[in-house]
């Protein structure tokens, strides 16, 4: 199944007002930032682009009003292709989120208490009429690591626990595993542990904080040498190219943040099977942009906060995933319903 999104010719009369919930603009690395790619694509399609820092999200019921509203400090942007000077601010105002045609949640992890608070505020904005993608409740309900348990037919042998005895027994059975916290990102705190590793106990004690923090332990997959594949889903449909993130020499992690090299590849039959099984289910829950991680034939993570690799795929294949996202968003905004079934 190929993406059916067509290239859109900018149309002033049909332009949308789009708000992107982001981390501080000064922290963005425009050369590979998928949020920046989405904003640039939105402007290229003729839409108004606003950035709202997540820290500015607020709810207020002013005096002498009958109802409150969720606001954010919206910065109107004019974007360029210059990665060193990639935007100009052309206006700034506190605006209710319901004023925009769509709101895209693009704040990066960590998924901490402030991130959860942002989803509560965004859910309140939805109740006031805002269209928010990814859906705030779905963001809260999908642990990027643990969500694979729902689709266990596609997963390698995996244990999620903080019980050190259970974890030790699992390592003895599998002999070679990868252990990681449930709230990590970018390959942070990911350890490969061999059955006879002399540091095995101290690694587990550190990761679990002496048995007080739940972690994930997975069978080590030799196919990591061919890359940790990132498969993008847009409104439930797989992008036809994935990015295989290949570990550098002496490294077990393929994450680009850990020095991995990204190589764009066409989806394999197994990649497509996984993507086409998960895509409609996740989209029905309001997960508009999703990044599936697949090593060999196995699903290892379901990324829903701010999936990356759009830029690298376009650079290597010419496929404009960011533009496809904006085209899909246009179709959603032109429908009479904000629900996924309208797409």
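Structure data summary
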{"quantity": "Residue among 289, 295 that alone is in contact (Cβ under 8 Å) with a residue 60 or more places away in the chain and within 22 Å of residue 20 (Cα to Cα)", "calculated": "289"}
{"quantity": "Qualifying positions in segment 285-300 - crowded, with 22+ Cβ neighbours inside 10 Å and closer than 23 Å to residue 227 by Cβ", "calculated": "289, 290, 291, 292, 293, 294, 295, 299, 300"}
{"quantity": "Residues of segment 152-194 that turn out to be assigned to a loop (DSSP other than H, G, I, E, B) and at pLDDT 95 or above, as a count", "calculated": "6"}
{"quantity": "Flag if residue 36 is within 27 Å of residue 331 (Cβ to Cβ) and either in contact with a helix residue (DSSP H, G or I) (Cβ under 9 Å, 6 or more places away or on another chain) or not in a loop (DSSP other than H, G, I, E, B) (or both)", "calculated": "yes"}
{"quantity": "Odd one out for residue 272, checked against (1) farther than 24 Å from residue 149 by Cβ; (2) part of a helix (DSSP H, G or I)", "calculated": "(1)"}
{"quantity": "Cβ-Cβ under 6 Å pairs, at least 6 apart or on other chains, segment 223-235 side over 22 Å from residue 304 (Cβ atoms), far side modelled with pLDDT of 95 or more and part of a loop (DSSP other than H, G, I, E, B)", "calculated": "223/296"}
{"quantity": "Filtered residues of segment 90-116 (kept if in contact with a helix residue (DSSP H, G or I) (Cβ under 9 Å, 6 or more places away or on another chain), within 18 Å of residue 16 (Cα to Cα) and without any contact (Cβ under 8 Å) to a residue 40 or more places away in the chain)", "calculated": "96, 98"}
{"quantity": "Filter result (surrounded by fewer than 18 Cβ atoms within 10 Å (Cβ to Cβ) and part of a loop (DSSP other than H, G, I, E, B)) within segment 204-213", "calculated": "209, 210, 211, 212, 213"}
{"quantity": "Count - residues of segment 133-178 that are surrounded by 15 or more Cβ atoms within 10 Å (Cβ to Cβ), without any contact (Cβ under 8 Å) to a residue 60 or more places away in the chain, within 27 Å of residue 287 (Cα to Cα) and touching a strand residue (DSSP E or B) at 6+ places or on another chain (Cβ under 8 Å)", "calculated": "4"}
{"quantity": "Number of positions in segment 260-284 that are crowded, with 16+ Cβ neighbours inside 10 Å and either out of contact with any strand residue (DSSP E or B) (no Cβ under 7 Å at 6 or more places or on another chain) or closer than 28 Å to residue 329 by Cα (or both)", "calculated": "12"}
{"quantity": "Residue satisfying all of: in segment 26-66; in contact (Cβ under 8 Å) with a residue 60 or more places away in the chain and in contact with a strand residue (DSSP E or B) (Cβ under 6 Å, 6 or more places away or on another chain); farthest from residue 83 (Cα to Cα) among these", "calculated": "59"}
{"quantity": "Candidates 28, 8, 61, filtered to the one that is within 17 Å of the chain's Cα centre (by Cα) and modelled with pLDDT under 95", "calculated": "28"}
{"quantity": "One residue from 293, 297 being over 17 Å from the mean Cα position of the chain (by Cα) and within 26 Å of residue 180 (Cβ to Cβ)", "calculated": "297"}
{"quantity": "Residue match in segment 332-341 (condition: surrounded by 23 or more Cβ atoms within 10 Å (Cβ to Cβ) and in contact with a helix residue (DSSP H, G or I) (Cβ under 7 Å, 6 or more places away or on another chain))", "calculated": "no"}
{"quantity": "Hits in segment 297-317 - residues which are closer than 16 Å to residue 273 by Cα and either part of a strand (DSSP E or B) or in contact with a strand residue (DSSP E or B) (Cβ under 9 Å, 6 or more places away or on another chain) (or both)", "calculated": "298, 299, 300, 301, 302"}
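The rows are residues; the columns are (1) under 15 Å from residue 288 (Cβ atoms); (2) assigned by TED's automatic domain parsing to the domain that holds residue 288; (3) at pLDDT 95 or above; (4) in a helix (DSSP H, G or I).
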{"residue": "89", "(1), (2), (3), (4)": "no, no, yes, no"}
{"residue": "98", "(1), (2), (3), (4)": "no, no, yes, yes"}
{"residue": "109", "(1), (2), (3), (4)": "no, no, no, no"}
{"residue": "119", "(1), (2), (3), (4)": "yes, no, yes, yes"}
{"residue": "124", "(1), (2), (3), (4)": "no, no, yes, yes"}
{"residue": "130", "(1), (2), (3), (4)": "yes, no, yes, no"}
{"residue": "150", "(1), (2), (3), (4)": "no, no, yes, yes"}
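The values are calculated or read from the model by the stated rules, or taken from the named source; none is laboratory data. Keep in mind it's a predicted model, so treat the numbers as computed, not measured. Note that we place each Cβ from the backbone using ideal geometry, even for glycine, and neighbour counts take in every protein chain shown.
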